[in-house]
Amino acid sequence: MSTKKNSSKPNIVKTFHIKTFGCQMNENDSEKISGMLKALGYQEETDVNKAGLVILNTCSIRENADERVLGNIGAFKTVKKTNPDLILAVCGCMMQQPEIVNQIVTKYPQVDLIFGTHNLHQVPELLNNYQVNGNRLIEVWEDSDTIVEDLPVDRKYPFKGFVTIMNGCNNFCTYCIVPYTRGREVSRQPDKIFDEVNKLVDDGCIEITLLGQNVNSYGNDLGDAVNFAKLLRELNTIDKLKRIRFMTSHPKDLTDDVIDAIAECDKVCNYIHLPIQSGSTRILKAMNRKYTQENILDRVNKIREKIPGVAITTDIIVGFPGETEADFLETLKVIKRCQFDSAFTFLYSIRTGTPAATMADQIPDEVKHDRINRSLKVLHQISHDINQTYQDQIVEVLVEETSRNNAKRMTGRTRTGKLVNFPGNESDIGTEIMVKITEAKTFSLDGEKIGQEGIHGATHTDDDAISANS
C-alpha cells in the first residue's frame, strides 16, 4: 500500500543504519536485511544521524518494548529536519499489529517505509519502489507458510552465526503476541539447514545457534522423517564445527530423545534455556503452557541426570492475572529446587489482542514489583553460588570481542554460556582458549589465559566445575 507523502523523489544516499530491538530472531533478521542492503551497494554507517537509510527492527513481546520503539521513532522527527533525504523504515513484530501500524501512519509522518516479519525478503523491492515514487509505502503480509531461502546474511561475528531452523509458533500462550506476529510454525527443510551450516563452517564459523520460537517442535510439519533430536545428531557430524547452541526450548516439547541427543553430541553445548514462566500449576494452566509443576521438575531432573555439568537458565513472568501469593511461592519453590544458573524475569505486561489482556484479577504494579524483587533475590543468590564452583577452575572459552569497559581485556563464553573476562588481545577473538578463573562473580567470571602447559596440572574442567553444584 502506498500513501501520498512526498512531492519529490528522495535523493539516494547509499548508507544505512539498523537498530534492532528484541530477541535473537530479530538479530538474525537484521543480519539478513544488512546482507541484502550490502548486496545493493549500501555501506553501513555507525552514526544514525548520518545514515541515508535507517531501519528500526522492532519487538513486541512486551508493552515497554512498544513504548521504547515509538520513542525512537519520535526522535527522528528532529533528525528529518536536518536530514530531509533520510529514509526511515520500520519493520519487525510490531508491524504485524494493525493498530500499531495505524498509530504510526497517523502520528509519525517521518516514517517512510513499513514492512513486517513475513516479507523481509522484499526489502530491495520495497526500497526501490519508495525511491522511484517518493511516497510512503506500507507492505505487511498477514502470514506466510514458506521460508525464503538463500538470502544474503551479514554476520556480526565471522566465527559464529545464527541459523533459523523454523519460524512461527503454534502454542498460543494466553499472554503472548508472538503467534500473531510471527505466524504459525513452519520448519525449514533439513537439507537447506545443512547447506547453510556447511557454508558457514567453510567461511570460518565454528559456533552456530539454531533459532526458532520453539526449536523442540522442529519438524512437526515435515512428517516423521526428521525432528529436532535427529537434526542435532546430524549437525554434530559436520567437520570443523565446534559448538552448537539453540534457542528456545518449550518445556512441554523437551523430549527424552532431545535430552539424549544433547548428552550424546559432543558439539552440542551443555546449556539449555528452559522458559518455565511460572512454578504454579494453576497459573501455568491459565497461561495455556500445557505442563505442570511436576513436569518441570521431572524435565530438570532428567536433564541433570543425563547431561553432567549442564547449565539451565529460564524465563519467569511475575504478576500474571490471578496470581496469588501462594502461586508466587510455588514459583519460588521451583526456582530453588531447579537451581537455575540465571533467569530473565519479567513483570506481566498486557498485550492487546491476547486472552490474558481481558482476564479478571489483574495484579497491581506494586505487588508485581515486590514479587519480582523477591524472586531476583533468590535467583541472584543461586547464580552467585553456582558461579563460585568455577573459582580456580580451568574452562574453555570462545573469545568473542574486546571488553566494552577495558580495551586490554577480552570477553567470551564457556560451553555452559558463562561470560568470562580476562586480559588478552584481539588476536584471541574467534579462538577457543583455556582460562583459569581467578574471581567468580554473580553475573560473570574473571580469569587469566593459560598455556597448554598449565592445563596438565588442572584437576577440573568446565564440566567438573558445574557438576559440583548439580
Nearest-20 debye value, the chain charge dipole, Cβ charges on Lys, Arg, Asp, Glu: 1260
Over 5 Å intervals from 0, what percent of Cα-Cα pairs in the range 191-243 sits in each interval? 4, 18, 30, 25, 15, 7, 1
If one takes the longest principal axis of the Cα atoms in the chain, at what angle in degrees, from 0 to 90 and to the nearest 10, does the Cα axis of helix 190-202 lie? 80
What aspartates and glutamates could a cross-link reach from K77, if we take a straight Cα to Cα line under 14 Å and drop same-chain neighbours fewer than 8 places away? D85, D112
Rounded to whole Hz and in sequence order, give me ³J(HN,Hα) for the range 106-117 from the Karplus expression 6.51 cos²θ - 1.76 cosθ + 1.60, θ = phi - 60°, writing x for Gly and Pro. 7, 10, 10, x, 6, 7, 9, 9, 10, 9, x, 7
Cysteines in the chain lacking a second Cys C-beta under 4.7 Å: C23, C59, C91, C93, C169, C205, C265, C269, C338
14 Å cut-off, amide nitrogen to a point 7 angstrom out along D298 Cα→Cβ, residues in the range 231-262: 251-257
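In square nanometres, what is one fourth of the surface area of the convex hull spanned by the alpha carbons of the range 148-235?
Taking the Cα atoms of the range 148-235, their convex hull projects to 6.3 nm² on average.
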Give the span of the range 375-420's Cα atoms along each principal axis, as three whole-Å numbers ordered largest to smallest. 33, 23, 17
Which of the residue pairs K230/K306; K156/K199; K267/K290; K285/K336 have a Cα-Cα distance greater than 23 Å in the structure shown? K267/K290
Return the Rg/Rh value of the chain, two decimal places, where both radii are evaluated on C-alpha atoms and Rh is the Kirkwood radius. 0.97
For the range 160-383, the Cα convex hull volume per residue in Å³ comes to 121
Square roots of 5 times each gyration tensor eigenvalue, C-alpha, the range 2-139, largest first, Å: 20, 18, 15
Listed by chain and number, the residues whose amide H is under 5 Å from that of R136, excluding neighbours fewer than 5 places away on the same chain and using placed H, are T3, K5, N6
Just the Cα atoms of the range 195-311: what Rg and Dmax do they give in Å? 15.2, 49
Which value in Å does the Kirkwood hydrodynamic radius of the range 82-220 take, with 1/r averaged over all unlike C-alpha pairs and then inverted? 17.0
Between the range 356-384 and the range 254-323, the Cα center-to-center distance that results, in Å: 19
So what is the 222 nm mean residue ellipticity for the chain from helices alone, if each DSSP H run of at least 4 adds -39500 (n - 2.57) and you divide by all residues, rounding to the nearest 500 deg cm²/dmol? -10500 deg cm²/dmol
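No value in this document is a laboratory result; all are computed from the given coordinates. The structure displayed is predicted, hence computed values, not measured ones. All Cβ positions, glycine included, derive from the backbone under ideal geometry; neighbour counts span all protein chains shown.
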